[in-house]
1. Which FRET efficiency, nearest 0.05, do L13 and E109 yield, Cβ-Cβ r, R0 35 Å?
2. With a Förster radius of 35 Å, plug the Cβ-Cβ distance of D101 and Y33 into 1/(1 + (r/R0)^6) and report the FRET value to the nearest 0.05.
3. Order of 49-56, 95-102, 66-73 by packing, highest average Cβ count within 10 Å first?
4. For the residues W108, W93, W14, what sequence is obtained by ranking on other C-beta atoms within 10 Å, fewest first?
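Every number here is computed from the coordinates shown, using simple stated rules; none is lab data. Here the structure is a predicted model, which is why all the values come from computation and not from measurement. Positions of Cβ are generated from backbone atoms using ideal geometry, with glycine treated the same way; all protein chains shown enter the neighbour counts.
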Amino acid sequence: MARTRPWEISDELWAKIEPLIPLPEPRPAEKTYLRRPGGGRKPMPARQAFAAIVYVLRTGLQWNALPKEIGNSSSVHRYFQAWERAGFFQNIWAAGLAQYDDMHGIEWEWQSIDGAVHKAPLAVECVGSNPTDRGKKRPQAQSVDRRTRRPLVARRRRSQSP
């Protein structure tokens, strides 16, 4: 059985993603280059860059830890930043929502967001003090023998005269 590669994008998914990919930013016309047009390293294919970005986002991997067989990490990160500025990922999200709405239907009138992030006003009387606050009467970092550490020699401050 052939081993599957987690960074490969299926043809079906790529057919939906490819029209949404933004065109590369054109180079400024007034800038002169020492190299002839078309010279240098060819750009990474968009499918390979997208597959590498999906791999990084799925695994939680750092950009610099991206395996070389997937792509150059700095190139992949450059694509990610350019596509983010162009709104590519927002367009993918909107297209996915539209497709799901067509398939199953999203009941938009029943959607809600709860953004209440604060303490309940009566929680202190019901529960008691917070266990994490109980140890704050003394400094948390103490030595094992519980002695206070002071320097043996009194040092003078710069503002004090000798």
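1. Here the calculated transfer efficiency is 0.70.
2. That pair, D101 with Y33, gives E of 0.15.
3. 49-56, 66-73, 95-102
4. W108, W93, W14
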